[in-house]
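For reference, the structure discussed in these notes is given below.
Just so it is clear, none of the values below were taken in a lab; they were calculated from the coordinates. None of the values given here were measured: they were computed from a predicted structure. FYI the Cβ positions are ideal-geometry reconstructions off the backbone, even for glycines, and counts take in every protein chain you see.
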Amino acid sequence: DAMVIQNPRYQVTQFGKPVTLSCSQTLNHNVMYWYQQKSSQAPKLLFHYYDKDFNNEADTPDNFQSRRPNTSFCFLDIRSPGLGDAAMYLCATSLTQGANQPQHFGDGTRLSIL
Amino acid sequence: AQSVAQPEDQVNVAEGNPLTVKCTYSVSGNPYLFWYVQYPNRGLQFLLKYITGDNLVKGSYGFEAEFNKSQTSFHLKKPSALVSDSALYFCAVRDRVNTGFQKLVFGTGTRLLVSP
């Protein structure tokens with residue numbers, strides 16, 4: 001089945017130690033998104049890629065970076081995680097940026113900061 | 001700016017009874033509306049969307065939603081609830097614009113609890 005896969009499902013890192021979360025998709029979708037979700041709150045969009053074009057949300061901290069080396073893979077890098085960055089990180093895809101396109105989510109990576 | 005309101009933090013319903021999860025929206029133009037469900041420690045799953053046409057939209061797992069333009073609502077419904085429907089439900093909206101990227105705006109979520 002075509003899907004969005006996030007690894008690892010659970011990640012523990014130390015305060016200030018860089019961490020990378022990964023996402024892959026077999027849907028061949030053009031757009032990939034990264035969301036942060038805290039404590040059953042609504043997901044908050046951090047940034048998205050349309051093909052190779054990177055689009056950062058205005059309120060996303062500089063501490064968060066992303067890479068998309070090819071269509072299938074996208075990475076979220078947190079350069080110096082703080083305690084406030086503990087959250088579920090969700091990757092999603094959509095075929096295009098069109099407003100009528102549903103997004104397809106992975107199962108997330110739950111990040112804990114020690 | 002677009003926004004979504006889900007007025008109920010939690011909805012409780014007995015198995016076999018009909019359920020409704022409420023959603024109202026605000027957009028400057030016309031909306032695209034979505035419902036997603038999230039089970040514990042899982043990502044969001046797409047249930048259904050309203051794009052245009054018939055105001056009653058049918059989706060996955062027996063869910064449906066009714067678009068009401070005059071009331072700016074898009075309530076999620078199911079005729080007979082199952083215990084397995086217990087989850088967190090998010091309504092989301094995008095403005096129908098011709099240019100530029102429109103991010104998906106989510107409501108705060110409604111926890112549905114179906115009791116046996």
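For the peptides B:25-37, A:94-106, the ranking by mean Cβ contacts within 10 Å, running from highest to lowest, is B:25-37, A:94-106.
Starting from the range B:28-110, pick out the trypsin sites (Lys or Arg not before Pro) whose DSSP state is loop and whose Cβ has at most 12 other Cβ atoms within 10 Å.
Those satisfying the criteria are B:K69.
Using alpha-carbon positions, what is the distance between the centroids of the range A:9-29 and the range B:49-82, in Å? Each part reduced to its Cα centre gives a spacing of 34 Å.
What the phi angles of the range B:61-76 give under the Karplus curve with 6.51, -1.76 and 1.60, with θ = phi - 60°, is a coupling list of 6, x, 7, 9, 9, 10, 7, 10, 5, 5, 9, 6, 10, 8, 6, 8 Hz, glycine and proline written as x.
Over all orientations, chain B has a Cα convex hull whose mean projected area works out to 7.2 square nanometres. Rounded to a whole number, what is D in µm²/s for the range A:53-114 from Stokes-Einstein with the Kirkwood radius over alpha-carbon pairs (25 °C, 0.890 mPa s)? Reported coefficient: 182 µm²/s. Mean partner shielding of peptide A:94-105, defined as the number of other chain Cβ atoms within 10 Å of each residue Cβ, is 6. For the protein assembly as shown, taking the reciprocal of the average inverse distance between every pair of different Cα atoms yields a Kirkwood hydrodynamic radius of 18.3 Å.
Computed over chain A, the P(r) tail beyond 22 angstrom holds 26 percent of alpha carbon pairs. Peptide A:26-35 has a mean of 1 when you count, residue by residue, the C-beta atoms of other protein chains within 10 Å of its C-beta.
Along the axis of the charge dipole computed for the protein assembly as shown (Cβ charges of +1 for Lys and Arg, -1 for Asp and Glu, origin at the Cα centre), the listed residues A:L95, B:A14, A:M32 are led at the positive end by A:M32.
Out of every Cα-Cα pair in the range B:60-99, what percent are more than 11 Å apart?
Across the range B:60-99, Cα pairs with separations above 11 Å total 75 percent.
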